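J.: To start, I am sharing the structure in question, which I have written as structure tokens.
The values are calculated or read from the model by the stated rules, or taken from the named source; none is laboratory data. Fair warning: this is a prediction, and the values are worked out from it, not measured in the lab. Cβ placement follows ideal geometry from the backbone for every residue including glycine, while neighbour counts extend to all protein chains displayed.
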Amino acid sequence: MQKLVLDVVYDEKNNAGSKAKADVSSILTEQMGFSQVQAHEFKSMADKLKGIKMVHEVMQTVQSGDTILIQYPTYFGHFWEQQLFKKLKQRQVKIIILLHDLDVLRQDNLPKYKNIEWVVKLLNLSDVIIVPNHEMGDLLKQHGLTIPQIDLGIYDYLQPALSKPRNEESTPCVSFAGNLNKSTFLHDLPESPAYQLYLYGMLDGDNSFKQHNVHYQGIFPPDVLKDQLPDGYGLVWDGSSSNDLSGKAGNYLRYNNPHKTSLYLSSGLPVIVPKDAAIASFVVENHVGIIISGLDELATKINAVSQDQKAEMALNAAQVGKQLRAGKYTRSAVAKALNTLK
């Protein structure tokens, strides 16, 4: 009996989403004895119309009794995902889903039938699911998920360790990495001499900010970004407001595990996260950062951290970062999922 992982090859560069899935595939194949089943992303409508080819190619590699891990969403489209899952079930192949995103929660203008129940019906075709956190798992259960689920906790982030330990800056530095075009809340931040904010990611048009303590640094591939982040903190925030988790993107933080959290911790940085975000419980339990209600609290919350607290957070962030770079959380969750299938 084989252990397989469906590895969808993406052409995206400087993209956290493709890195998250690539890291899972690397951990499974290099550390857990899985074999890769490669399929290429659909780049056009013509590719989608030939989706049956992808299904056939995958089915040629599996046998009855095998186990395959599929990272959802594959972006092959709901129809072809459904066809693949059904074919696998017919051949008595066990399916583990590792959930990265639930796009129906964060995308606008979807048809009414594209809702959580629509996705859960597909997920229920698998045998066990690894969810990002307890909040996402509870949401899926409320909408009909019946299969066993395992909490991941946080996404691993494979990269080399920093060449030198991080040091405390005289003026606290805060880094924010992501799609800056949709991060309009950054323009609403009050200017403050209490910290310097460094921005990394895609930003079209004018890259200057009215706040003198906000600095755009450019775009860097995920594997080199850690070397660009200054010592200090990594910021997690999203949505239409700087005061609360509003809008679809803000509300989505209540259920997902932002990959930027893993980037920061893997790079040795304590994090600053919203108190209502699902990832906040991980941050509190592991003492690796600061919890805020709104971005207007940044200055006061940072200034309130004592030297001892700062040292403890930095030490804990370094320890968790080492675990993320080693693939601990993926290994643990997949081992539990495999055990569930016995």
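J.: Return yes when residue 58 is touching a strand residue (DSSP E or B) at 6+ places or on another chain (Cβ under 7 Å), within 28 Å of residue 143 (Cβ to Cβ) and crowded, with 17+ Cβ neighbours inside 10 Å and no when it is not. Don't jump to the end; show me each part of the working.
T.: Details: touching a strand residue (DSSP E or B) at 6+ places or on another chain (Cβ under 7 Å): yes; within 28 Å of residue 143 (Cβ to Cβ): yes; crowded, with 17+ Cβ neighbours inside 10 Å: yes.
For residue 58, the condition - touching a strand residue (DSSP E or B) at 6+ places or on another chain (Cβ under 7 Å), within 28 Å of residue 143 (Cβ to Cβ) and crowded, with 17+ Cβ neighbours inside 10 Å - is met.
J.: Hand me the list of helices (runs of 4 or more DSSP H) wholly inside segment 230-290 holding 3 or more residues that are of a type in the set (Gly, Ala, Ser). Quick ask: steps written out before the conclusion?
T.: Details: elements: 247-252, 259-266, 280-286.
It comes to 247-252.
J.: For residue 135, are the conditions met, namely being part of a helix (DSSP H, G or I), within 24 Å of residue 264 (Cβ to Cβ) and not aromatic (Phe, Trp, Tyr)? It would help to see each step written out before you state the result.
T.: Working: part of a helix (DSSP H, G or I): yes; within 24 Å of residue 264 (Cβ to Cβ): yes; not aromatic (Phe, Trp, Tyr): yes.
In short, yes.
J.: Considering only segment 66-82, I want to know if a residue exists there that is surrounded by 20 or more Cβ atoms within 10 Å (Cβ to Cβ), touching a residue at least 12 places away in the same chain (Cβ under 8 Å) and among the acidic types (Asp, Glu).
T.: Yes, there is a match, as at least one residue in segment 66-82 is surrounded by 20 or more Cβ atoms within 10 Å (Cβ to Cβ), touching a residue at least 12 places away in the same chain (Cβ under 8 Å) and among the acidic types (Asp, Glu).
J.: Before we move on, is residue 94 of a type in the set (Lys, Arg), buried (at least 17 other Cβ atoms within 10 Å of the Cβ) and over 20 Å from residue 75 (Cβ atoms)?
T.: Values: of a type in the set (Lys, Arg): yes; buried (at least 17 other Cβ atoms within 10 Å of the Cβ): yes; over 20 Å from residue 75 (Cβ atoms): yes.
Here the answer is yes, as residue 94 does meet what is asked.
J.: On the basis of being in a loop (DSSP other than H, G, I, E, B) and surrounded by fewer than 20 Cβ atoms within 10 Å (Cβ to Cβ), does residue 223 make the cut?
T.: Numbers: in a loop (DSSP other than H, G, I, E, B): no; surrounded by fewer than 20 Cβ atoms within 10 Å (Cβ to Cβ): yes.
Criteria not met by residue 223.
J.: Something else about it: Output the helices (runs of 4 or more DSSP H) that fall wholly within segment 1-96 and possess 3 or more residues being more than 26 Å from residue 256 (Cβ to Cβ), or say none. Can you show your working first?
T.: Details: elements: 16-31, 45-49, 51-59, 78-90.
Hits in segment 1-96: 45-49, 51-59, 78-90.
J.: Continuing with this model, one more query. Given the criteria in a helix (DSSP H, G or I), in contact with a Ser or Thr (Cβ under 9 Å, 6 or more places away or on another chain), under 22 Å from residue 158 (Cβ atoms) and modelled with pLDDT of 95 or more, does residue 322 qualify? Even if it seems obvious, please write down each step before you answer.
T.: Working: in a helix (DSSP H, G or I): yes; in contact with a Ser or Thr (Cβ under 9 Å, 6 or more places away or on another chain): yes; under 22 Å from residue 158 (Cβ atoms): yes; modelled with pLDDT of 95 or more: yes.
Criteria met by residue 322.
J.: Suppose we filter 321, 294 for residues that are small (Gly, Ala, Ser), closer than 14 Å to residue 233 by Cα and not assigned by TED's automatic domain parsing to the domain that holds residue 147; which single one remains? First the steps, then the outcome.
T.: Values: 294 fails: closer than 14 Å to residue 233 by Cα.
Sole residue among the options that is small (Gly, Ala, Ser), closer than 14 Å to residue 233 by Cα and not assigned by TED's automatic domain parsing to the domain that holds residue 147: 321.
J.: For segment 314-332, enumerate the residues that are surrounded by 15 or more Cβ atoms within 10 Å (Cβ to Cβ) and farther than 24 Å from residue 27 by Cβ.
T.: 314
J.: Here is a follow-up. If you go through segment 290-313 one residue at a time, do you hit one that is closer than 22 Å to residue 223 by Cβ and surrounded by 24 or more Cβ atoms within 10 Å (Cβ to Cβ)? Quick ask: steps written out before the conclusion?
T.: At the first step, the residues of segment 290-313 found to be closer than 22 Å to residue 223 by Cβ are none.
The answer is no, given that none of the residues of segment 290-313 is closer than 22 Å to residue 223 by Cβ and surrounded by 24 or more Cβ atoms within 10 Å (Cβ to Cβ).
J.: Mind checking which residues of segment 167-195 are in a loop (DSSP other than H, G, I, E, B) and small (Gly, Ala, Ser)? So that I can check it myself, show each step before the final result.
T.: Step one: filter segment 167-195 for residues in a loop (DSSP other than H, G, I, E, B), giving 167-172, 178-183, 189-195.
Result: 170, 178, 183, 192, 194.
J.: Let me ask something else about it. Within segment 199-213, work out how many residues are surrounded by 14 or more Cβ atoms within 10 Å (Cβ to Cβ) and small (Gly, Ala, Ser).
T.: 1
J.: Report whether or not residue 104 is without any contact (Cβ under 8 Å) to a residue 60 or more places away in the chain, β-branched (Val, Ile, Thr) and part of a helix (DSSP H, G or I).
T.: On the way: without any contact (Cβ under 8 Å) to a residue 60 or more places away in the chain: yes; β-branched (Val, Ile, Thr): yes; part of a helix (DSSP H, G or I): yes.
Here the answer is yes, as residue 104 does meet what is asked.
J.: A follow-up question, please. Tell me yes or no: at least one residue of segment 139-157 is hydrophobic (A, V, I, L, M, F, W, C), at pLDDT below 95, out of contact with any His (no Cβ under 8 Å at 6 or more places or on another chain) and not in a strand (DSSP E or B). Quick ask: steps written out before the conclusion?
T.: Keep residues of segment 139-157 that are hydrophobic (A, V, I, L, M, F, W, C), which gives 139-140, 145, 147, 150, 152, 154.
Next, from what is left, pick out any that are at pLDDT below 95: none.
Within segment 139-157, not a single residue is hydrophobic (A, V, I, L, M, F, W, C), at pLDDT below 95, out of contact with any His (no Cβ under 8 Å at 6 or more places or on another chain) and not in a strand (DSSP E or B).
J.: Also, quick follow-up: Filter segment 231-248 down to the residues that are closer than 21 Å to residue 202 by Cβ and at pLDDT 95 or above, then identify the one that is surrounded by the most Cβ atoms within 10 Å (Cβ to Cβ).
T.: Per the criteria, the residue is 235.
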